[in-house]
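Written below as C-alpha cells is the structure these notes are about.
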Amino acid sequence: MSTTTTEALSDTTLLRFATAGSVDDGKSTLVGRLLHDSKSVLADQLEAVERVSASRGQEGPDLALLTDGLRAEREQGITIDVAYRYFATPRRRFILADTPGHVQYTRNMVTGASTAELTVILVDARNGVVEQTRRHAAIAALLRVPHAVLAVNKMDLVGYEERVFARIAEEFTAYATELGVPEVTAIPISALAGDNVVEPSAHMDWYGGPTVLEHLETVPVSHDLAHCHARLPVQYVIRPQTAEHPDYRGYAGQIAAGTFRVGDAVTVLPSGRTTRVTGIDVLGEPAEAAWTPQSVTLLLEDDIDISRGDLIVPSQDAPATTQDVEATVCHVADQPLTVGHRVLLKHGTRTVKAIVKDIPSRLTLDDLSLHPHPGRLVANDIGRVKIRTAEPLPLDSYADSRRTGSFILIDPSDGTTLTAGMVGESFAAPEPVKDADDDGWDF
C-alpha cells in the first residue's frame, strides 16, 4: 500500500459493525459480496474460492467461503465462530464481525456485537421475522448498538415483490422500536445476485434508498469516547528499579474512556485514595494528555497502594462503588445460572467472588413480556439478575459506558464464561448477609 493511500485511509472514520441472522439467511454470502464487490479481496483468495466452488460443482464462486474459515464451517455450510474482517473504501474503514446464526452459537453474537456501532440483521424474505431474528434484535438493543440495518435477503426468490419487503420491514421495525433500538434502516437485497449490496438493483426500481455499502459509508459514527467519563483500569504496575530509573513507579493500562491530563486530580477505586497525575508516558515518550483507546502509563504524585484491578478516575467524576449489582444479562453457557450460584465476576481488570442473589425476571422474546422469578436462566436467555460481590466495585451504568458498565460471570471451577452482563441504572439494596462458611463464598 502506498504512502498516499495509507495517509488517505488514516483520515477516514472507522465503523465497527456486526452481521446477524438465522441459519441460511445468507450472512456469510452478504459479507463475501461486500468484500468482493468493494474490491477488498486479494486475487489469490478469490482464486482459492473459485477452485473450491468448482470442485463442488457450483457455477460461480461461493462468496460465503471468504469468511467461513473453519473446516467445520466449510463442510457444513454454516458459521460457527465469529469471523472478523477488515476492509476499507475511500470513504471509510471497517471492522466487520460475521456472527453465527445457529441458536446454540448465539453467545458468539454477543461477542461480535459488544463493540459494534451498527448491526446488520438479515432476514430470509421467504420466512420473514422468526424467533432468532427477535433474539438478535433483543441482543443488539441490550448491547445498546446505536444503529440497526434490516437486510431482507433473497428477494430474488420472492420475485422482488415490494409487498413482501414492506410487510417484513414493518413487523421488524415495530418490534425493534419496542426494544428501544434508536434507528432501523430496512434494505431489500439479494446477496447472491448482488442486488443493493454494493450496486443498486435493476430489479427493484420501487426502492429508492441506499445500498448496504452506501449506508455503511454514510451512517453517523459517534464513538468519540475521548469526551466520556475518564476511566483507566490498571493492568500492571511498572517498577524497573534500575540505575537509570531507581524510583520509577507507573500504572499501566488501556484507557477505557475519556482523557487524562498532567495535573488532573484523580481517585483510585475502590480504595478511594486521591492523588494527582504528575506524568503520562505514551509509547515510552512523555505526553501532556492521553485519551481512549491509548495504552499508557500514569505517574502519580503520591506513593499509594495501587495494584492490578484498581480503577483510576477523575476525582470530580468518580463512579459509585457497590457490592450489590443489578443488571441485565445474556446467559451464554450450557450450564444454567441459578439463584445461589457462586461465580467470579470480572469487571475490567478486576475479578472478585460473587453470588447470584436473585433472578427477578426473564425476557420472553415473542411479546417482550417479563416472566417473573424464573429461578434460572439457560443458554441464550436474557434476564435480570441481582448479584452480591465479595468486594466493592466501581461501576458505571452500561448506558453511560459500554466498557466500564459491563462484566462477565465466570465459573470458578473451570473458568468457563457463564454470562455477559450490562449494569442497570440502579443498584439493589444490601441484602442480609448469611453467616460465613469455610470457603469464603458467603458475604
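Things worth noting here:
- Qualifying residue in the stretch 129-152 (condition: within 18 Å of residue 209 (Cβ to Cβ), in the same structural domain as residue 201 (by the TED database) and open to solvent by 10 Å² or more (accessible area, probe 1.4 Å)): yes
- Close pairs from the stretch 108-129: first touching a residue at least 40 places away in the same chain (Cβ under 8 Å) and within 11 Å of residue 19 (Cα to Cα), partner open to solvent by 20 Å² or more (accessible area, probe 1.4 Å) and among the charged types (D, E, K, R), Cβ under 7 Å, at least 6 apart: 116/16
- Residues satisfying the stated conditions in the stretch 224-265, i.e. in a strand (DSSP E or B) and open to solvent by 60 Å² or more (accessible area, probe 1.4 Å): 236, 254, 261
- Filtered by the rule that a residue be open to solvent by 70 Å² or more (accessible area, probe 1.4 Å), in contact with a strand residue (DSSP E or B) (Cβ under 8 Å, 6 or more places away or on another chain) and at pLDDT below 80, the stretch 1-45 gives a lone residue, 24.
- Residue match in the stretch 385-394 (condition: free of Cβ contacts under 8 Å to residues at least 24 places away in the same chain and not assigned by the TED database to the domain that holds residue 107): no
- Any chance residue 170 is surrounded by fewer than 18 Cβ atoms within 10 Å (Cβ to Cβ) and either farther than 17 Å from residue 121 by Cα or under 25 Å from the mean Cα position of the chain (by Cα) (or both): no
- Pairs where the first residue, in the stretch 404-420, is without any contact (Cβ under 8 Å) to a residue 60 or more places away in the chain and the second is among the hydroxyl-bearing types (Ser, Thr, Tyr) and surrounded by 19 or more Cβ atoms within 10 Å (Cβ to Cβ), C-beta under 6 Å, 6+ apart: 405/398
- Which listed residue is surrounded by fewer than 24 Cβ atoms within 10 Å (Cβ to Cβ), under 27 Å from residue 404 (Cβ atoms) and either modelled with pLDDT under 95 or assigned by the TED database to the domain that holds residue 331 (or both), from 178, 183: 183
- Odd one out for residue 161, checked against (1) surrounded by 18 or more Cβ atoms within 10 Å (Cβ to Cβ); (2) within 14 Å of residue 201 (Cα to Cα): (1)
- Criterion violated by residue 390 - all others in (1) touching a Ser or Thr at 6+ places or on another chain (Cβ under 9 Å); (2) farther than 20 Å from residue 257 by Cα; (3) part of a strand (DSSP E or B); (4) not acidic (Asp, Glu) satisfied: (1)
- Subset tally (residues that are at negative phi and open to solvent by less than 10 Å² (accessible area, probe 1.4 Å)) for the stretch 116-128: 9
- The set of residues in the stretch 277-324 that are hydrophobic (A, V, I, L, M, F, W, C), closer than 23 Å to residue 408 by Cβ and at pLDDT below 95 contains only 320.
- Of the candidates 268, 277, 221, 212, the single residue that is touching a residue at least 12 places away in the same chain (Cβ under 8 Å), buried (at least 20 other Cβ atoms within 10 Å of the Cβ), farther than 29 Å from residue 393 by Cα and not acidic (Asp, Glu) is 212.
The values are calculated or read from the model by the stated rules, or taken from the named source; none is laboratory data. Note that the structure is a prediction, hence the values are computed from the model and not measured. A quick note on method: Cβ atoms are made from the backbone with ideal geometry, for glycine too, and the neighbour counts reach across all protein chains shown. These area figures cover heavy atoms from the full protein model, side chains too; ligands, DNA and RNA do not enter into them. Shrake-Rupley method; radii C 1.70, N 1.55, O 1.52, S 1.80 Å.
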